[in-house]
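Quick note: the coordinates plus some simple rules give every number you see, no bench work behind them. Quantities reported herein were computed from a predicted structural model and do not represent experimental measurements. No Cβ is skipped: glycine too gets one built from the backbone with ideal geometry, and neighbour counts run over all protein chains shown.
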Amino acid sequence: MSRADTAVILDFETSGLSPNTGDRAIEIGAVKIVEGKIVDRFQSLINPGMRISPFIEDYTGISNALLRDAPNSEHVMTQFADFINGFNLVAHNASFDKRFLDAELQRASQDYMGSFSCSMLVSRRLLQNAPNHQLATLIRYAGITTDGSYHRALFDSEMTTKLWLYMLDDIRNRYDIEQISFSVLQKLSKKTKKSVHSFLESCA
DNA sequence: TGCCAGGCCCTCTTTAGGGCCTT
């Protein structure tokens, strides 16, 4: 059984919303957890080979001047493929990060074997009383302290990691499940809101 | 020329529309 508390939690900053319309990754951050403990981190700016918009400069705080001297995608993604090797992956709104991960890895002729789970989909099932399911809102809702700025890749992946571990604890405490498998979290995302409780009780 | 993401989820649904979430 592969454990839900052993994974790489990642986050991309990008030039826009879709690699299909020419957008590129400009920063990647990731946290590696093994049995609930942080064992490694990964962070790098990525030179996208194009100028990013003033909106993205403002949104992320990452400037064109910073990116000019950053390593290219092939270099960064080759290192990152090694970092995630053998691990399952988590991201907040994973469908977004998966699209960029796939596109940037392909450029570097790299691949990965792990499966993806989405902290946002899990939170929609588990934290149904949260005001919304934006990462920053969920962090506040969970009472997790912060000491940095959102919209940077490593900080967001650190926050997603804390949220992920908070939700695993929540499941353990509420449903008395000793060990949660990664596949249970993936299945949880596909349950209807109403069926979450009975599903988790059946896992206990 | 004009437009430009896409997957998930809810509901006034399923022959669809619109909000959420990510940058």
Pick from the stretch A:125-141, criterion within 17 Å of the chain's Cα centre (by Cα) and surrounded by fewer than 17 Cβ atoms within 10 Å (Cβ to Cβ), ranking: farthest from A:GLU201 (Cα to Cα): A:ALA136
Among the residues of the stretch A:65-92, which ones are closer than 16 Å to A:ILE9 by Cβ and in contact with a strand residue (DSSP E or B) (Cβ under 8 Å, 6 or more places away or on another chain)? A:PHE80, A:PHE83, A:ILE84, A:PHE87, A:ASN88, A:LEU89, A:VAL90, A:ALA91, A:HIS92
Quick one: in the stretch A:90-124, which of the residues that are aliphatic (A, V, I, L, M) and outside any helix (DSSP H, G or I) is surrounded by the fewest Cβ atoms within 10 Å (Cβ to Cβ)? A:MET113
Looking at the stretch A:190-203, which of the residues that are loosely packed, with under 12 Cβ neighbours inside 10 Å and not hydroxyl-bearing (Ser, Thr, Tyr) is farthest from A:ASN129 (Cα to Cα)? A:LYS190
Can you give me the number of residues within the stretch A:103-148 that are within 14 Å of DNA strand B (Cβ to nearest atom), among the acidic types (Asp, Glu) and free of Cβ contacts under 8 Å to residues at least 60 places away in the same chain? 0
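Select, from A:ILE33, A:ILE52, A:ILE56, the only residue that is under 14 Å from A:GLU158 (Cα atoms) and in contact with a Ser or Thr (Cβ under 7 Å, 6 or more places away or on another chain).
A:ILE33
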Selection from the stretch A:1-45 of residues of a type in the set (Asp, Glu), in a strand (DSSP E or B) and more than 11 Å from DNA strand B (Cβ to nearest atom) yields A:ASP40
Top-ranked residue of the stretch A:55-89 - restricted to ones that are aromatic (Phe, Trp, Tyr) and outside any loop (DSSP other than H, G, I, E, B), ranked as farthest from DNA strand B (Cβ to nearest atom): A:PHE83
Return the residue satisfying two criteria in turn: it lies in the stretch A:163-189 and is among the charged types (D, E, K, R) and either without any contact (Cβ under 8 Å) to a residue 12 or more places away in the chain or in a helix (DSSP H, G or I) (or both), and of such residues it is surrounded by the fewest Cβ atoms within 10 Å (Cβ to Cβ). A:GLU178
Here are some conditions: (1) within 21 Å of A:LYS187 (Cα to Cα); (2) assigned to a loop (DSSP other than H, G, I, E, B); (3) within 11 Å of DNA strand B (Cβ to nearest atom); (4) in contact (Cβ under 8 Å) with a residue 24 or more places away in the chain. A:ILE52 meets all but one. Which one does it not meet? (1)
